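Structure first, then comments.
The values are calculated or read from the model by the stated rules, or taken from the named source; none is laboratory data. The model shown is predicted, which means the values in this text are computed figures rather than measured ones. Methodologically, a virtual Cβ is constructed for each residue, glycine included, from the backbone with ideal geometry; neighbour enumeration extends over all protein chains shown. Calculation scope for accessible area: heavy atoms of the full protein, side chains included, ligands and nucleic acids excluded. Shrake-Rupley method; radii C 1.70, N 1.55, O 1.52, S 1.80 Å.
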4 protein chains.
Amino acid sequence: MIEKYSIRTDLALEQKERFESDNVEVQGVVLEESYDEEREIRITTVKIETEKGAKTMGKPVGTYITMEAPNMAVPDEGYHEEVSKELMKFLQRFLDKDKKDYSVLVVGLGNRMVTPDALGPYVADNLNITRHIVKEYGKYAMGEEEVHLVSSIVPGVMAQTGMETVEIIRGVVKETEPDIIIAVDALAARSSKRLNRTIQIADTGINPGSGVGNHRNAITEETVGVPVIAIGVPTVVDAATIVNDTMENLIAALETSETLRGVGVVMQGYNAAEKYELVKELISPHLNGMFVTPKDIDETVKRISFTISEALNMLFA
Amino acid sequence: MIEKYSIRTDLALEQKERFESDNVEVQGVVLEESYDEEREIRITTVKIETEKGAKTMGKPVGTYITMEAPNMAVPDEGYHEEVSKELMKFLQRFLDKDKKDYSVLVVGLGNRMVTPDALGPYVADNLNITRHIVKEYGKYAMGEEEVHLVSSIVPGVMAQTGMETVEIIRGVVKETEPDIIIAVDALAARSSKRLNRTIQIADTGINPGSGVGNHRNAITEETVGVPVIAIGVPTVVDAATIVNDTMENLIAALETSETLRGVGVVMQGYNAAEKYELVKELISPHLNGMFVTPKDIDETVKRISFTISEALNMLFA
Amino acid sequence: MIEKYSIRTDLALEQKERFESDNVEVQGVVLEESYDEEREIRITTVKIETEKGAKTMGKPVGTYITMEAPNMAVPDEGYHEEVSKELMKFLQRFLDKDKKDYSVLVVGLGNRMVTPDALGPYVADNLNITRHIVKEYGKYAMGEEEVHLVSSIVPGVMAQTGMETVEIIRGVVKETEPDIIIAVDALAARSSKRLNRTIQIADTGINPGSGVGNHRNAITEETVGVPVIAIGVPTVVDAATIVNDTMENLIAALETSETLRGVGVVMQGYNAAEKYELVKELISPHLNGMFVTPKDIDETVKRISFTISEALNMLFA
Amino acid sequence: MIEKYSIRTDLALEQKERFESDNVEVQGVVLEESYDEEREIRITTVKIETEKGAKTMGKPVGTYITMEAPNMAVPDEGYHEEVSKELMKFLQRFLDKDKKDYSVLVVGLGNRMVTPDALGPYVADNLNITRHIVKEYGKYAMGEEEVHLVSSIVPGVMAQTGMETVEIIRGVVKETEPDIIIAVDALAARSSKRLNRTIQIADTGINPGSGVGNHRNAITEETVGVPVIAIGVPTVVDAATIVNDTMENLIAALETSETLRGVGVVMQGYNAAEKYELVKELISPHLNGMFVTPKDIDETVKRISFTISEALNMLFA
């Protein structure tokens, strides 16, 4: 088996799949699946329950819910409303049901100027912001007896700010004392099939290495002082990932295909380390820092950002 | 004399002029003027030296330098370079010359989505950001022995964030500990003649009531903990200001013009309070929250934002 | 009566009101009004039926429908849906009901970079564009038996293109041969009360002098070769208009008010021409090319652009 | 030799290199190279002189100049000025030196909303537009005796307009009758090494299959009626290209490497068609319509667009 050295995915689901494909049992990790046939939405919950599981998975202990909705990439307004409602329900699981007046800070991570990384900023653009109104006029100004205080920030990326995103968020949290952060970010998937049709919700915050631009340190309860729920949508695949995957396929084909007369036999003489070296040499160093994304990413990101902001607007209405 | 009740200006120079036009001596305020004929730039320095002067002027104690450069509204690249250099020199006055490694946070105030209020965000877009590079690779990474650390943030306006801008800045300052803040903002002038051809630099920070959207509490050394230099360019006039000014002109004409046979005589029977009430009634309440700006504001704001970011890039190179 | 020399309005309704306020009967112009109490929408139809009426009104022969919906400036999604439906109905009046396969070119007039002038471009951004799909795959690709072909262009303004907008549109029409043009534009109103809460639909196209930037020659059936329906929303008031109006109020007050002892009497010695000159001198020449707009224009324009694009998407679905 | 079935490049230089790497002599194609050591700019001129050469190359007869300037991807203002000047010189070669009053239409191709495809629109944003001024005030208004008329359009992409770009351009050309078109577009390269550091200038216009989004028919003298000079910068690589290239490398390694004991021998039993099928099967169909681009594409595209618009502004000053 080739070492999957360069593979990066921000989806716990994909990380789990890798072990499954290798028939490796991961201790401390529980998987649940369900399928909503009517809406064609597949829900997968990955619970990393122990530190050992966390270490194996390379992701912190916590719950990761993945909604796979193939039609999310399609401009069907009614369908997007359904997805918004589902997303709202899953977010509710991470909130305290009895709390009537959440103060929530929504953080739109990513770079507004790079289309597949603009998901977070776009979500922030369409939120119903209420904190300043309630602060100024009291909660009755909202015409409701119980209101949540929604605030939002688009911190920008390090090349724009010169600061770690966590520095900005931590500072803002100390000053404005929200109860909870919801951080929205564009993710990198392993599989191009999942792009723009998958939403991951996690109660673990944002961790180093995740996100398109990978431009931040951890944004978690430990680093910012309040719980952080992360909403992510994979919009890119690392260029090296795509190349690596295809090469693994080629080598697997060489090893196993009956039609490839004889090659397989010879390849079996190589051990994993040798194959690893072979692939590594062939991947161009120019692919570092490059990502793969669809040509219609502008429409897709705009559409999905609405779906997410609608879910948040319903949740905190 | 009509009470100038509704007049708002963010320019200390204009505030001073008002008193002059009324022949009122303002104690504790010193004015210096110079004119660079070659470059056609008029420099006015208003120093508010005492608390009494501050009270009269409605602006805090400090130094306000105004550069009036009529050609700034024109697309002449060479001229803009000259203005950048002048601006850099005036900013240097507010810095410690012997300090070799300033850590400066540039704050781009205002609303990127409202053209005349986008000056601050646009300036931030074109800065050479270095703090993260120096932090990661050391100052020698910059190829210089002495380097300044430049960071930047575009906090957004309250309707977008639900937070006071000062809350965001104070938090960021506590986390990243800059030596100084430079806050760039679009201002409201009293006179439409000054729009887009005037830059005010002040060592007093940003104070309530200033700025196009007027969307923030004070951002000053007292509120954020480090000195705040403010760079402002008037890009709008309050709608009520323009109406008020013209009506004052009308009443003055009625009072003084010889050609207006007899009218003036009668008006003199009114005292200031009566005239004030007359004007106040006639200004439409619909003008509140409205501003006046030129139709080519998009090009002007873009051009001036470059001039300012170039000055900052030279200053901290 | 003071000559209303500098007053500009793009709303036929306001033009009509001016004559009414002066008790002038306008021949060849018919006015109809209705009020939808439930939705709080006032509908006014101005029909200019003769060339004489057109000359008096300063607008071409045709039908101008104005929807005044005060809540349009407010973020109420349900209400905006109602307005979209109403707008769709009025647009239908201008279309041939029996035609099943309209080829329509939507033109988003104005300047994307100047917020109150960005209405047209924003509407274009959210249209369901279908022409290229039908052209490539046939109308069954749309899953419907009868489909309209929707195309769209955002021509930009003359300062950006160096071309008259009508040159661009005429060229595109000749090449792509739409049946009809729908031109969306931001307008100038006379009254600040009407800003962002009024939609005008006219079958007369776009005529010189209308629009925020006033950046184009006529775009009408005569100039581009196909019928042009114009949808406009007033987002600005000319600065000179606001000043002029308030000064007229002042002079009227001086002339009539009983509390203004004696002044009125004297003013009556002036004829209209003299008063006209007085006002004209007092309006600053710096106000030319300046407009008045509300500070929250970014949110309002975004919201109303959705309302209009939804109406168009429903109409041509 | 594996058939290079899916490889797409918009650079004539790269097309030529492919044949060279296969030791294929291309008749009717002449290559010239020069290297400016001081500026580190490599200039390659590919002249396709015959229809046969055109057929082999898959590109029309004409001259393709490629400037490779590795530092173009770096934020060095002085260097970009040098590149602007070089670019201006090469553009001059395609113009009539004795013509004093060019009427030029600059077309900013691509999609402003997808970062690597926004090059053309960004270039248009920073041009000195003069046509409307000269038309209105005469050429002396520009303060010069001889002036060029510069106009510009950003037509948008088919998903936004529903029209082929060539339809829009042809229409605009007929109405405004420019002497020449300069079309600026983002390109797809074969090699990720060339991204954002290469400029191609060609007198052949824009041809089907070129550009990031590949969203248009030919824009050439034949289709629009005036000569079309194309300026292109590769900002993306097709995802399938990157995968294909690496797999070719793998198969080549398997065939030739001495360290890969024995595999090569067996692979040699496969003919080109069989290898072609093997690779084709392994490339994921999900990669169609996907591109690879660097994470800092926002800064790079902005910087290079300035370099190009400066060259055009100097050329037509």
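Name the residues in region D:20-46 that are surrounded by 14 or more Cβ atoms within 10 Å (Cβ to Cβ) and over 30 Å from D:Lys302 (Cα atoms), would you?
D:Val26, D:Gly28, D:Val29, D:Leu31
Of all the residues that make up region D:62-82, how many are at pLDDT 95 or above and among the hydrophobic types (A, V, I, L, M, F, W, C)?
Qualifying residue count for the region: 2.
For region C:91-110, which residues satisfy the criterion of being in a loop (DSSP other than H, G, I, E, B) and either within 18 Å of the chain's Cα centre (by Cα) or not assigned by TED's automatic domain parsing to the domain that holds C:Gly62 (or both)?
Step one: list which residues in region C:91-110 are in a loop (DSSP other than H, G, I, E, B), which gives C:94-102, C:109-110.
Those that are in a loop (DSSP other than H, G, I, E, B) and either within 18 Å of the chain's Cα centre (by Cα) or not assigned by TED's automatic domain parsing to the domain that holds C:Gly62 (or both): C:Phe94, C:Leu109, C:Gly110.
Hey, among the residues in region C:139-156 that are facing another protein chain (nearest Cβ under 9 Å) and of a type in the set (A, V, I, L, M), which one's farthest from D:Asn111 (Cα to Cα)? Reasoning before the result, please.
Narrowing region C:139-156 to residues facing another protein chain (nearest Cβ under 9 Å): C:149-156.
Cutting the leftovers down to of a type in the set (A, V, I, L, M) gives us C:149-150, C:153-154.
Numbers: C:Leu149: 21, C:Val150: 19, C:Ile153: 13, C:Val154: 13 Å.
Looking at the filtered set, the residue picked out is C:Leu149.
Against the condition buried (at least 21 other Cβ atoms within 10 Å of the Cβ), more than 29 Å from D:Asn313 (Cβ to Cβ) and of a type outside the set (Ser, Thr, Tyr), how does B:Leu105 come out, does it pass? Don't jump to the end; show me each part of the working.
Working: buried (at least 21 other Cβ atoms within 10 Å of the Cβ): yes; more than 29 Å from D:Asn313 (Cβ to Cβ): yes; of a type outside the set (Ser, Thr, Tyr): yes.
So B:Leu105 passes the test.
Which residue pairs have Cβ atoms closer than 6 Å, lie 6 or more positions apart in sequence or on different chains, and pair a first residue in region B:120-133 that is β-branched (Val, Ile, Thr) with a second residue that is open to solvent by 20 Å² or more (accessible area, probe 1.4 Å) and at pLDDT below 95?
B:Ile133/B:Ala141
When you go through A:Lys139, A:Lys193, A:Lys174 one by one, which is the residue that is in the same structural domain as A:Pro234 (by TED's automatic domain parsing), touching a helix residue (DSSP H, G or I) at 6+ places or on another chain (Cβ under 8 Å), among the basic types (Lys, Arg) and under 22 Å from A:Asp96 (Cα atoms)?
Step by step, each of A:Lys139, A:Lys193, A:Lys174 is checked, and only A:Lys174 is in the same structural domain as A:Pro234 (by TED's automatic domain parsing), touching a helix residue (DSSP H, G or I) at 6+ places or on another chain (Cβ under 8 Å), among the basic types (Lys, Arg) and under 22 Å from A:Asp96 (Cα atoms).
Just give me the residues in region C:121-167 being under 17 Å from C:Asp179 (Cβ atoms), polar (S, T, N, Q) and in contact with a Phe, Trp or Tyr (Cβ under 9 Å, 6 or more places away or on another chain), in sequence order.
C:Thr130
Please determine whether any residue of region D:126-136 is under 25 Å from the mean Cα position of the chain (by Cα) and at the interface with chain C (Cβ under 7 Å from one of its Cβ atoms). Give the derivation first.
Keep residues of region D:126-136 that are under 25 Å from the mean Cα position of the chain (by Cα), which gives D:126-129.
Those left that are additionally at the interface with chain C (Cβ under 7 Å from one of its Cβ atoms): D:129.
There is at least one residue in region D:126-136 that is under 25 Å from the mean Cα position of the chain (by Cα) and at the interface with chain C (Cβ under 7 Å from one of its Cβ atoms).
Return the only residue of C:Ile168, C:Ile153, C:Ile206 being closer than 30 Å to C:Asn71 by Cβ, among the aliphatic types (A, V, I, L, M) and under 22 Å from the mean Cα position of the chain (by Cα). Please lay out each step first, then the result.
Details: C:Ile168 fails: closer than 30 Å to C:Asn71 by Cβ; C:Ile153 fails: closer than 30 Å to C:Asn71 by Cβ.
Residue meeting the stated conditions: C:Ile206.
Looking at C:Ala253, C:Ala239 in this structure, which one is at pLDDT below 95 and over 28 Å from B:Thr115 (Cβ atoms)?
C:Ala253
Does D:Ile169 qualify as being within 10 Å of chain C (Cβ to nearest Cβ), among the hydrophobic types (A, V, I, L, M, F, W, C) and over 18 Å from D:Ile297 (Cα atoms)?
Numbers: within 10 Å of chain C (Cβ to nearest Cβ): yes; among the hydrophobic types (A, V, I, L, M, F, W, C): yes; over 18 Å from D:Ile297 (Cα atoms): yes.
Against the criterion (within 10 Å of chain C (Cβ to nearest Cβ), among the hydrophobic types (A, V, I, L, M, F, W, C) and over 18 Å from D:Ile297 (Cα atoms)), D:Ile169 qualifies.
What are the residue pairs meeting all of these: first residue in region D:12-26, first residue part of a loop (DSSP other than H, G, I, E, B), second residue at pLDDT 85 or above, Cβ atoms under 6 Å, and 6 or more apart or on different chains?
Correct list of pairs: D:Val26/D:Thr56.
Would you check if C:Glu51 is at pLDDT 90 or above, of a type outside the set (Phe, Trp, Tyr), exposed (fewer than 13 other Cβ atoms within 10 Å of the Cβ) and within 21 Å of C:Ile206 (Cβ to Cβ)?
Numbers: at pLDDT 90 or above: yes; of a type outside the set (Phe, Trp, Tyr): yes; exposed (fewer than 13 other Cβ atoms within 10 Å of the Cβ): yes; within 21 Å of C:Ile206 (Cβ to Cβ): yes.
Yes; evaluated as a whole, the condition is true for this residue.
Any idea how many residues of region B:145-155 are open to solvent by less than 10 Å² (accessible area, probe 1.4 Å) and of a type outside the set (A, V, I, L, M, F, W, C)?
Counting residues in region B:145-155 that are open to solvent by less than 10 Å² (accessible area, probe 1.4 Å) and of a type outside the set (A, V, I, L, M, F, W, C) gives 3.
How many residues, within region A:291-317, are open to solvent by 50 Å² or more (accessible area, probe 1.4 Å) and not hydrophobic (A, V, I, L, M, F, W, C)? If you could, list the steps in order and put the result at the bottom.
Step one: of region A:291-317, the residues open to solvent by 50 Å² or more (accessible area, probe 1.4 Å) are A:295-296, A:299, A:302, A:306, A:310, A:314, A:317.
With not hydrophobic (A, V, I, L, M, F, W, C) added as a condition, the list becomes A:295-296, A:299, A:302, A:310.
Number satisfying all stated conditions: 5.
Looking at region B:58-67, can you tell me whether even one residue there is charged (D, E, K, R) and in a strand (DSSP E or B)?
Filtering region B:58-67 down to residues charged (D, E, K, R) leaves B:59.
Of the ones still in play, those that are also in a strand (DSSP E or B) are none.
Taking every residue of region B:58-67 in turn, none turns out to be charged (D, E, K, R) and in a strand (DSSP E or B).
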